[in-house]
Amino acid sequence: MGDTTPAPDEEPRPAQEGPELPATSLAALDLARAELDLAERFVVIVGDTEDAVDLAPALAEVWPTAHLRLMTKNQPPRERRPDDLRLTPVASVPDIFNALAAGPAPDVIIELGGDRGYAGHGAFGATFLSLRDGGAYLKVDLAGEVAAASADDADDSLWQWLGRSLGDQHQPPRLTGELDKQGLVRTLGEAISGVTIRDGSAVVHKRGEHLMKVNNLLHRPDGEHRVEQTVVRRCGEGSASTIAGEPAHEFEVTSPVWVNDAEAGVRLRDRYLVRELAAREYLGAVCAPRGVVTMGGLFLPESSMQPLVRPWFNRGTQDAGPDYAVFPRVSGPVPTLPGSYYHLDNEFPGHYGHVTTQDLSRLWAWDAAVERDPDIRVLLSPPTGHQEPHDYQLRLLEAFGIERDRVTVLREPARVERLVSATLGLQNHYFASPVCTPVWERIRDALVPEAEGSTPERVFVGRNETRRRCLNGDEVERRFVEAGFTVVHPETLDIAEQIRVFSGARAVAGYAGSSMFTMAYATGDTHWIVIGSRSYTATTEHLLATLHRQPIDYFFADPEVEQPAGGFAPEAYFSDYTFNFERDGADLDALLARL
């Protein structure tokens with residue numbers, strides 16, 4: 001860890017000659033002169049407007065080549081506003097984070113004390129990892145931090161963060177999507193290379209590079225534009241541009257939806273917002289297997305299978321809390337892929353459900369990308385444990401019009417000369433955009449003629465899985481067979497046969513999950529019946545059926561593990577379950593009789 005002991009008491013160093021500085025600014029200047037060299041460095045000053053405006057000229061006089069940026073809550077009076085300094089208004093810690101992302105990675109962050117709107121409310125935890133490797137965080141007035149550390153509302157003070165992080169270095173890594181800060185605490189412990197406490201203030205030194213997650217920008221009305229704007233401000237003009245897009249709009253569900261459990265059925269909305277979609281071209285993006293896309297230290301929303309969820313993580317990286325991640329380790333320089341590539345990857349490469357609803361839902365902008373560069377290639381990573389994509393993946397792409405020799409397999413991180421990455425057209429829990437329909441239709445129309453045999457009018461989709469099992473599935477399937485349904489297991493069928501079965505049947509029932517996702521290729525008036533655990537919160541079947549304007553009935557069954565009230569537990573999500581015949585048997589029989 002570096003030196004974590006307070007420096008010996010020394011005589012205060014004199015400040016530069018000139019106007020007298022307030023105590024806070026003077027302390028920051030003295031500490032910077034004693035511990036840091038700011039020449040040619042990117043320095044961000046965060047804090048009270050008055051203190052920041054006073055400190056900036058003093059720092060510029062000592063280090064005239066330093067690149068200074070001020071982040072304050074209020075604009076200073078015009079007569080006190082420095083003409084040659086960049087000043088960014090920030091009202092909250094998230095604003096500070098977003099402003100840091102939209103600029104060069106800082107070498108030094110100076111946090112001035114006094115404003116409880118910043119101090120003690122997560123400024124250190126939210127910004128320290130944004131520093132470059134070898135950077136430093138200077139915090140003035142630790143006495144105020146110590147006093148605040150015992151307050152109920154000061155859990156995010158620098159003092160608290162240092163105590164938690166330095167004591168947590170040897171805890172085993174833990175991948176989590178929960179906002180419990182565990183990943184951030186661990187990463188801070190690994191990233192702090194030294195701490196110097198001097199004259200009531202502190203300098204915390206940083207090691208390593210970290211990615212800033214900027215998906216929070218998508219929650220703004222012009223979110224997609226803000227992502228592009230942030231990349232451009234950090235990486236330079238022309239580094240990101242939009243080549244195609246679809247405006248946001250309301251989608252009203254007009255097809256019949258029935259549920260056996262009104263409380264669980266709340267998740268099946270009758271109206272939802274289809275978010276704005278954008279296909280962006282990035283110059284020099286660094287990609288890694290499992291869907292990782294980065295630019296200039298920014299972890300882009302295209303890396304997430306649920307970009308609107310906060311916090312999110314990607315299994316291709318080491319998670320570092322709600323706002324940061326660590327890029328996969330690379331031995332040696334990252335190779336460059338020359339030319340143009342269309343990003344068609346996800347966290348679970350090769351998994352049928354993710355390929356169908358995520359990879360293919362990005363293809364809505366393919367034609368625009370080809371028009372821009374006829375030689376563009378597809379970039380995807382192989383399934384875990386494999387060197388090549390599954391054959392069915394390549395057949396789906398061929399059916400869409402993308403030849404096999406146009407696919408590049410990403411097996412290790414690479415810098416891509418030109419990368420086109422499109423917003424997911426289907427985002428589980430949120431929306432399914434109509435732009436997905438032509439993609440699935442094009443694939444269906446090309447593959448169905450290849451299939452052989454006849455299609456049953458009534459199909460029950462079985463599920464051979466070791467988790468999320470229906471514990472009385474034999475009895476469930478017997479009821480459907482007695483009603484004239486044919487049980488099929490899609491994984492045993494050729495991909496063309498799967499699509500033919502789902503697109504040709506008049507009624508399709510089955511267990512919730514990816515085995516039902518071939519309904520994306522459905523046509524006509526198919527009636528869908530879904531049986532799944534009440535704890536399985538995914539809504540993909542509902543999004544697909546309502547997008548196709550087809551009726552769907554949901555039977556929520558009783559899980560072995562319930563979701564916690566107001567929360568989410570993976571063990572509940574993957575829990576086995578039992579269909580409750582006593583409660584729902586009569587409704588099921590009545591439905592089957594009507595079909």
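Per the listing 526, 539, the residue uniquely of a type in the set (Ser, Thr, Tyr), without any contact (Cβ under 8 Å) to a residue 40 or more places away in the chain, on the phi < 0 side of the Ramachandran plot and open to solvent by less than 10 Å² (accessible area, probe 1.4 Å) is 526.
The numbered conditions (1) under 23 Å from the mean Cα position of the chain (by Cα); (2) of a type in the set (Ser, Thr, Tyr); (3) surrounded by 21 or more Cβ atoms within 10 Å (Cβ to Cβ) are all true for residue 554 except (1).
When residue 444 is tested against (1) more than 30 Å from residue 241 (Cα to Cα); (2) in a helix (DSSP H, G or I); (3) open to solvent by 60 Å² or more (accessible area, probe 1.4 Å); (4) not hydrophobic (A, V, I, L, M, F, W, C), only condition (3) is not met.
Is it the case that residue 138 is open to solvent by 10 Å² or more (accessible area, probe 1.4 Å), more than 26 Å from residue 294 (Cβ to Cβ), at pLDDT 80 or above and in a strand (DSSP E or B)? I'd like the intermediate steps shown before the answer.
Working: open to solvent by 10 Å² or more (accessible area, probe 1.4 Å): no; more than 26 Å from residue 294 (Cβ to Cβ): yes; at pLDDT 80 or above: yes; in a strand (DSSP E or B): yes.
Against the criterion (open to solvent by 10 Å² or more (accessible area, probe 1.4 Å), more than 26 Å from residue 294 (Cβ to Cβ), at pLDDT 80 or above and in a strand (DSSP E or B)), residue 138 does not qualify.
For residue 592, indicate whether it is of a type in the set (A, V, I, L, M, F, W, C), surrounded by 19 or more Cβ atoms within 10 Å (Cβ to Cβ) and in contact (Cβ under 8 Å) with a residue 12 or more places away in the chain. The answer is no for residue 592. Answer yes or no: is there a residue in segment 405-416 that is part of a helix (DSSP H, G or I), closer than 26 Å to residue 515 by Cα, of a type in the set (D, E, K, R) and open to solvent by 30 Å² or more (accessible area, probe 1.4 Å). Checked segment 405-416: no residue is part of a helix (DSSP H, G or I), closer than 26 Å to residue 515 by Cα, of a type in the set (D, E, K, R) and open to solvent by 30 Å² or more (accessible area, probe 1.4 Å).
Residue check: is residue 329 open to solvent by 30 Å² or more (accessible area, probe 1.4 Å), part of a loop (DSSP other than H, G, I, E, B) and at pLDDT below 90? So residue 329 passes the test. The C-beta contact set for segment 52-67 (first residue at pLDDT below 85, second residue of a type outside the set (Ser, Thr, Tyr) and part of a helix (DSSP H, G or I), distance under 7 angstrom, 6+ apart or interchain) comprises 53/80.
Residue 468 meets all of the listed conditions (1) part of a helix (DSSP H, G or I); (2) open to solvent by less than 40 Å² (accessible area, probe 1.4 Å); (3) among the charged types (D, E, K, R) but one, namely (1).
Taking residue 316 as the residue in question, decide whether it is among the small types (Gly, Ala, Ser), open to solvent by 10 Å² or more (accessible area, probe 1.4 Å) and under 25 Å from residue 223 (Cβ atoms). In short, yes. For segment 463-487, the set of residues classified as out of contact with any Lys or Arg (no Cβ under 8 Å at 6 or more places or on another chain) and modelled with pLDDT under 95 consists of 464, 465, 466, 467, 468, listed by residue number. Quick one: would you say residue 502 is in a helix (DSSP H, G or I), within 21 Å of residue 434 (Cα to Cα) and open to solvent by 10 Å² or more (accessible area, probe 1.4 Å)? Considered against the rule, which asks whether it is in a helix (DSSP H, G or I), within 21 Å of residue 434 (Cα to Cα) and open to solvent by 10 Å² or more (accessible area, probe 1.4 Å), residue 502 comes out as no.
Only one of the numbered conditions (1) under 27 Å from residue 595 (Cβ atoms); (2) in contact (Cβ under 8 Å) with a residue 40 or more places away in the chain; (3) of a type in the set (Lys, Arg) is violated by residue 478, and that is (2). Against the numbered list (1) under 30 Å from residue 449 (Cβ atoms); (2) outside any helix (DSSP H, G or I); (3) open to solvent by 10 Å² or more (accessible area, probe 1.4 Å), residue 517 comes up short only at (2). Out of curiosity, is residue 532 at pLDDT below 95 and either open to solvent by less than 20 Å² (accessible area, probe 1.4 Å) or of a type outside the set (A, V, I, L, M, F, W, C) (or both)? So residue 532 does not fit the description; no. Within segment 192-231, the set of residues being closer than 19 Å to residue 285 by Cα and open to solvent by 30 Å² or more (accessible area, probe 1.4 Å) comprises 209, 225, 226, 228, 229.
Being open to solvent by 90 Å² or more (accessible area, probe 1.4 Å) and among the small types (Gly, Ala, Ser) narrows it down to one of 454, 433, 381, so name that one.
Numbers: 433 fails: open to solvent by 90 Å² or more (accessible area, probe 1.4 Å); 381 fails: open to solvent by 90 Å² or more (accessible area, probe 1.4 Å).
When all the criteria are applied, what remains is 454.
Taking segment 277-296 as the search range and keeping residues that are touching a Phe, Trp or Tyr at 6+ places or on another chain (Cβ under 9 Å) and not in a strand (DSSP E or B), which one is most open to solvent (accessible area, probe 1.4 Å)? Looking at the filtered set, the residue picked out is 290.
Taking the criterion of being open to solvent by 70 Å² or more (accessible area, probe 1.4 Å), closer than 30 Å to residue 380 by Cα and assigned to a loop (DSSP other than H, G, I, E, B), the residues of segment 233-274 that qualify are 237, 247.
The values are calculated or read from the model by the stated rules, or taken from the named source; none is laboratory data. Quick caveat: nothing in here was measured; it's all calculated off a predicted structure. Using ideal geometry, Cβ is built from the backbone for each residue, glycine included, and neighbour counts are taken over all protein chains shown. In case anyone asks, the SASA skips ligands and DNA or RNA and just uses the protein heavy atoms, side chains included. Shrake-Rupley method; radii C 1.70, N 1.55, O 1.52, S 1.80 Å.
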